[in-house]
Amino acid sequence: MEDPIAYAGSPLDRENLRRRDRAWLEAQERAPETRYLPLWQLMPLLKLGETRELAWARRELFEDLDPAPEPVLLGTRDGVAHFAVDVSAEPKREPGLGVEDVASFEDLRATVAQIDAADAAIAAQARTLVDWHRRHGHCAACGGHTRSVQGGAHRVCTDCQSDHFPRTDPVAIVVVVRGERCLLGRGPGWPASMYSALAGFVEAGESLEDAARREVFEEAGVRVGEVRYARSQPWPFPSSLMLGCVGTAETEAIEIDRAEIDDAKWFTRDELRDALAGVSADLVVPPPFAIAHHLIRGWVEGELG
Ligand SMILES: [Zn+2]
């Protein structure tokens, strides 16, 4: 099995059957052992300390908030229900109730390297769902109010009864190879010397392969033939699914679209090996929590052809 990838592999059972039972759901919300993960402005609560972990709370932490937040069921583990709860109604970032001495709300992207894989995956699911609920209080069909159902699995319009489900936005992220070289690009405002796999959203009516070829041609002017899927990563900023693939270039000349990217270049395996090891003087690649790192490493190590 491949190396684990950040934000994937949650240990929770999402309970997609039992959560349809309102009585079961209410019992889970009231059970004393039930755990609530508070998020403030989409930042999960983490325990303080050298290694960070999710700081699970009890209902008392948010019960008196106005308006009262609606918990979103993430799933169960060993029979214990785990919910996410949006406490953004709190005016301040401090968690309150004495918790500020032991925990703080932190940006998930900035802290992912400090928390373990299971916590990162749970926090990713929580962040994406809480964000989606915050932005879908009204029906896209009629403008009416929506309400959360099945513990936040989806929302239903109170006027026209339309169902609204959390979306996942597919992104093609492509390592383009030609013989012994690999094409990477850099976006505007990126850290100095950083290059990564080219990426873009899959658009309406496109296959993953279509999107990969189009993105690479639009951004770098390189024609790609065969596209092979490699692996994927949920990316909760806010709701993407990164679909990593390897494209075989049919042309070599680079023509950059400056509106999309700042630069694109061909790199050798040796250049990328040094960058992955952090010993390159003039090239930085994304860190291990990003799928691009795994795609680049896979190609350097000969696993992706
Ligand atoms: Zn409606």
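Readers should treat all values here as calculations from the given coordinates under stated rules, not as data from a laboratory. What you see is a predicted model; the values in this text were computed from it and never measured. Quick reminder, even Gly has a Cβ in these numbers, built from the backbone with ideal geometry, and neighbours come from all protein chains shown.
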**OP:** State the extension gain, in nm to one decimal, for the chain segment bounded by GLU218 and ALA27, taking 0.36 nm per residue of separation less the distance between their alpha-carbons.
**Re:** 63.5 nm
Original post:
Stretch GLU255-THR268 to full length: gain in nm at 0.36 nm per residue minus the Cα-Cα span?
Top reply: 2.8 nm
Subject >> Taking the C-alpha atoms of segment 1-116, convex hull volume expressed per residue in Å³ >> reply: 124
**OP:** Rounded to the nearest 500, what is the 222 nm mean residue ellipticity of the chain from helices alone, with -39500 (n - 2.57) per DSSP H run of 4+ residues and division by all residues?
**Re:** -6500 deg cm²/dmol
Original post:
Can you list, largest first and rounded to whole Å, the semi-axes you get for segment 42-179 by taking the square root of 5 times each eigenvalue of its Cα gyration tensor?
Top reply: 27, 25, 14
Original post:
What full-extension length gain, to one decimal in nm, is calculated for ALA192 and ALA277 as 0.36 nm per residue of separation minus the Cα-Cα distance?
Top reply: 28.9 nm
**OP:** Could you state the angle between the C-alpha long axis of helix 208-220 and the longest principal axis of the C-alpha atoms of the chain, as a value from 0 to 90 degrees rounded to the nearest 10?
**Re:** 60
**OP:** Return the long-range amide H neighbours of THR146 (sequence gap of 5 or more, or a different chain), with a cut-off of under 5 Å between placed amide H atoms.
**Re:** HIS138, CYS139, THR158
Original post:
Put +1 on the Cβ of each Lys and Arg and -1 on the Cβ of each Asp and Glu in the chain; which of MET194, LEU25, GLY9 then has its Cα farthest toward the positive end of the dipole?
Top reply: LEU25
**OP:** Any chance you could give the angle, 0 to 90 degrees and rounded to 10, that helix 117-135 forms with the longest Cα principal axis of the chain?
**Re:** 70
Subject >> Table column - 3J(HN,Hα) (Hz), segment 225-239, Karplus curve with 6.51, -1.76, 1.60, x for Gly and Pro >> reply: x, 5, 10, 10, 5, 10, 6, 10, 8, x, 10, x, 10, x, 7
Subject >> In sequence order, calculated HN-Hα J values of segment 18-26 (Karplus, 6.51, -1.76, 1.60; Hz; x Gly/Pro) >> reply: 5, 5, 6, 8, 4, 5, 4, 4, 5
Subject >> Anisotropy class of segment 177-305 from Cα gyration tensor, a/c 1.5 cut >> reply: rounded
Subject >> Mean separation of Cα contacts under 8 Å (6+ apart) over length of segment 34-139, as relative contact order % >> reply: 34
**OP:** For the chain, count the residues as N, evaluate 2.2 N^0.38 Å, and divide the Cα radius of gyration by that value, please.
**Re:** 1.12
